[in-house]
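Visitor: Sending over a structure as structure tokens; questions will come in a sec.
The values are calculated or read from the model by the stated rules, or taken from the named source; none is laboratory data. These figures come from a predicted structure and were not determined experimentally. Don't worry about glycine lacking a Cβ; one is built from the backbone with ideal geometry, like all the others, and counts go over all protein chains shown. SASA here: full protein model, heavy atoms, side chains in, ligands and nucleic acids out. Shrake-Rupley method; radii C 1.70, N 1.55, O 1.52, S 1.80 Å.
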Amino acid sequence: MTDTPELPTVPPLLDALAERLRAELAGDIDNAMLVGIHTGGVWLAEALHERLGLALPLGTLDVSYYRDDLARGGLHPRLQPSSLPGSVDGKTVWLVDDVLHTGRTVRAALNEIFDFGRPARVRLIALIDRNGRELPIAADLAGARLELPQELRVHLQGPDPLRLALGEGRAQREEEPR
């Protein structure tokens with residue numbers, strides 16, 4: 001293996017994302033919904049929510065049943081309830097994920113969101129946007145963009161403190177108890 005890439009620290013990425021999101025929400029705050037994907041995306045959505053001092057409620061999604069790759073092995077979901085703070089109809093849903101890699105998690109989240117209704121639009125926030133896309137999905141806001149060898153996986157660990165780590169092999173969520 002070649003040199004291990006240096007990963008950015010999470011707090012500065014969150015600060016920058018919060019400022020960019022603040023600008024995006026200006027004038028549309030009443031029509032916005034912030035929704036984190038379990039588990040890392042929820043941690044990030046909570047951190048963004050706190051940094052922005054938002055009054056709007058926070059939503060969470062567990063996309064495990066919507067994944068198209070569970071049968072391939074390697075993914076071991078810990079099912080958690082999805083919770084949206086009201087109707088998505090006509091809203092701008094800001095979907096928050098920790099690492100955008102293949103795009104399959106986001107595809108699953110979109111399927112689940114549309115089971116709840118018809119949003120006006122869905123925007124994507126990713127802490128890390130890395131190479132290796134398998135589906136035509138792109139982040140609207142990304143904390144950092146990384147080019148990594150395909151055998152490396154980026155994991156968000158947390159929730160306190162939030163930190164990035166590298167691993168090898170298929171992506172597996174390493175969750176710490178809350």
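Visitor: In segment 43-69, what count of residues is obtained for those that are under 15 Å from residue 22 (Cα atoms) and charged (D, E, K, R)?
Guide: Qualifying residue count, segment 43-69: 3.
Visitor: Give the residues of segment 1-19 that are open to solvent by less than 100 Å² (accessible area, probe 1.4 Å) and part of a helix (DSSP H, G or I), sorted by residue number.
Guide: Correct list: 10, 11, 12, 13, 14, 15, 16, 17, 18.
Visitor: Scan segment 26-41 for residues that are free of Cβ contacts under 8 Å to residues at least 40 places away in the same chain and either touching a Gly at 6+ places or on another chain (Cβ under 8 Å) or in a helix (DSSP H, G or I) (or both) and report the count.
Guide: Of the residues in segment 26-41, 2 are free of Cβ contacts under 8 Å to residues at least 40 places away in the same chain and either touching a Gly at 6+ places or on another chain (Cβ under 8 Å) or in a helix (DSSP H, G or I) (or both).
Visitor: To continue, here is another question. Which of the residues spanning segment 132-172 are in contact with a His (Cβ under 8 Å, 6 or more places away or on another chain), of a type outside the set (Val, Ile, Thr) and closer than 11 Å to residue 101 by Cβ?
Guide: 132, 133, 153, 171 - these are the residues of segment 132-172 that are in contact with a His (Cβ under 8 Å, 6 or more places away or on another chain), of a type outside the set (Val, Ile, Thr) and closer than 11 Å to residue 101 by Cβ.
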